[in-house]
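The values are calculated or read from the model by the stated rules, or taken from the named source; none is laboratory data. These numbers come from a predicted model, not from an experiment. Note: ideal-geometry Cβ built from the backbone for every residue, glycine included; neighbour counts use all protein chains shown. Each accessible area value is taken on the protein alone, full model and side chains, heavy atoms only, with ligands, DNA and RNA left out. Shrake-Rupley method; radii C 1.70, N 1.55, O 1.52, S 1.80 Å.
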Amino acid sequence: MARMKFLCDAERCIECNGCVTACKNENEVPWGVNRRRVVTVNDGVVGAEKSISVACMHCSDAPCMAVCPVDCFYKTADGVVLHDKDLCIGCGYCFYACPFGAPQFPQAGAFGLRGKMDKCTFCAGGPEPDRSEAEFKKYGRNRLSEGKLPACAEMCATKALLGGDGDTIADIYRQRVTVRGKGAEVWGWGTAYGPPKGGQAATGSKS
Amino acid sequence: MSGRTVVAIVAALGLVALGGCGEKPQASSFKQGKYQGKPDTPPWDNAPLAYTSNSVNKWTKGDQKSWTDEIKTRNKFQNEYVRIGD
């Protein structure tokens, strides 16, 4: 069974925000809400700047599900964490519980009211008939029901952002870092990927 | 105060002091939310589109395994080592 996950390769992300734009466009996300965003650390420091694209990570043990007072979250059979907007009361508990800041709240009201929570759906829609107008308006496009993967990952130009079956994208990433070639200079590299091929020292220069 | 009373008081104080050594679990246990909303249909309960990434072997409506295979096939397109070779 597939377990849907995202994986962002900080060595490849060039902070182009293509994933953010793809998500906005594909799901027609309301004003003031960004389901995905790019976070940059050491901004402007030459050689140390790294970017990573962050959205809902569809946790295996999701804290948002645990804290929701109206139990509007559910997890699909393929591991995607979704919620029912008809039940959501916009309390914001999930926002505080989430370590990634994934839950977002539209603030378009005249009195600064907090609307119903909106977050990344892994392009899997929500609890409305699949591919229906109602589903699109509330949750965005249901690409999984079309046999497609999230628009952000498929749009990523450098393929820094991988999305899909956890085992498959882990295989892609493992092959990538093995080809990239690193070794003891990266903590835990040998543990994760084994010794360098042929007993040769790693040739990678970046760490 | 008799010797027996003193011993009893000391023993009682000892028991009270030992009570401080007891430890209750500090972390609350995780409680999985019980979803109360509307049911959702799984993605494999939809007919495939006219064009899919695996147009030769499209998934069968209602068959989870064939849909998963379709997704995994599409997943592998994200690996440029496979697309363009090593």
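Values as computed for the structure displayed
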read-out: Members of the stretch A:139-166 that are in a loop (DSSP other than H, G, I, E, B), under 22 Å from residue A:77 (Cα atoms), more than 12 Å from the chain's Cα centre (by Cα) and more than 8 Å from chain B (Cβ to nearest Cβ); value: A:140, A:141, A:143
read-out: Which numbered condition residue A:92 fails, given (1) modelled with pLDDT of 95 or more; (2) farther than 27 Å from residue B:58 by Cα; (3) open to solvent by less than 10 Å² (accessible area, probe 1.4 Å); value: (1)
read-out: Lone qualifier among A:71, A:78, A:61 - being surrounded by fewer than 16 Cβ atoms within 10 Å (Cβ to Cβ) and either polar (S, T, N, Q) or part of a loop (DSSP other than H, G, I, E, B) (or both); value: A:61
read-out: Condition check for residue B:37: more than 10 Å from chain A (Cβ to nearest Cβ), surrounded by 12 or more Cβ atoms within 10 Å (Cβ to Cβ), part of a loop (DSSP other than H, G, I, E, B) and modelled with pLDDT of 85 or more; value: no
read-out: Answer residue from the stretch A:116-138, given it is in a loop (DSSP other than H, G, I, E, B) and more than 11 Å from every other protein chain (Cβ to nearest Cβ) and is most open to solvent (accessible area, probe 1.4 Å) among those; value: A:116
read-out: Breaking point among (1) at pLDDT below 95; (2) open to solvent by less than 10 Å² (accessible area, probe 1.4 Å), for residue A:202; value: (2)
read-out: Selected residue [within 30 Å of residue A:186 (Cβ to Cβ), of a type in the set (D, E, K, R) and away from every other protein chain (no Cβ under 14 Å)] from A:24, A:50; value: A:50
read-out: Meets criteria (open to solvent by 40 Å² or more (accessible area, probe 1.4 Å), within 30 Å of residue A:119 (Cα to Cα) and assigned to a loop (DSSP other than H, G, I, E, B)) for residue A:184; value: no
